[in-house]
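Here is the structure we will look at.
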Amino acid sequence: MKIDKKLIKELVDNLKEFSLTELEYQDGQTKIKVSKASKSIDSVKGNAVVAQNKSVLKSSDDSDGIRIKSPIIGTAYLAPEPGAKKFVEVGSKIKKGQTVMIVEAMKTMNHVPSTTDGEVKKVLVEDGQPVEFGQTLILLK
């Protein structure tokens, strides 16, 4: 089987262009999957991540409020660096656009902004916890 490098490059370019983390292409018996995530990380952490995230998602569904969700898959950090003051705490009043936490993905620190003004009702993730795309991170009153 000959590997079509041009097709793979085109798929990788599509990952970047459309801000995707994974893309799968199939043509007959040929199936190509490109991903920004490392397979070794998935196999090492896969089971623990799924169990943790399911329990977090369940508990977040029980509460009402405005939800701030993760824009990407990664690791959530509640402070700008270890030992520093947290971005927000329960009871904090926040403004739209204010950073509420950081989600690290592929060694890039992505600031998660508040989608609206409000008061922090509940922080649904722990510092250093893996998070999924669309997972509720914080509930606002």
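Given the pairs LYS36/LYS122; LYS16/LYS69; LYS31/LYS69; LYS33/LYS107, which are separated by over 27 angstrom at their Cα positions? Show your work: numbers first, answer last.
Working: LYS36/LYS122 31 Å; LYS16/LYS69 22 Å; LYS31/LYS69 32 Å; LYS33/LYS107 22 Å.
Distance filter (> 27 Å) returns LYS36/LYS122; LYS31/LYS69.
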Task: ³J(HN,Hα), Karplus 6.51/-1.76/1.60, whole Hz, each residue of region 127-141, x for Gly, Pro - done: 4, x, 7, x, 10, 9, 4, x, 6, 5, 9, 9, 9, 10, 7
Open item on the list: I'd like the FRET efficiency for LYS9 and GLN98, computed as 1/(1 + (r/R0)^6) with the beta carbon distance as r and R0 of 25 Å, rounded to 0.05.
Closed with: 0.05
Open item on the list: Can you give the FRET efficiency to the nearest 0.05 for LYS33 and THR75, using r as the Cβ-Cβ distance and R₀ = 22 Å?
Closed with: 0.45
Open item on the list: Skipping prolines and chain starts, which residues have an amide H placed within reach, meaning under 5 Å, of the one on PHE87, given they are 5 or more residues away or on another chain?
Closed with: ALA79
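Each value in this text was obtained by applying a stated rule to the coordinates, not by laboratory testing. Everything numeric in this text was worked out from a predicted model, so none of it was measured. FYI the Cβ positions are ideal-geometry reconstructions off the backbone, even for glycines, and counts take in every protein chain you see.
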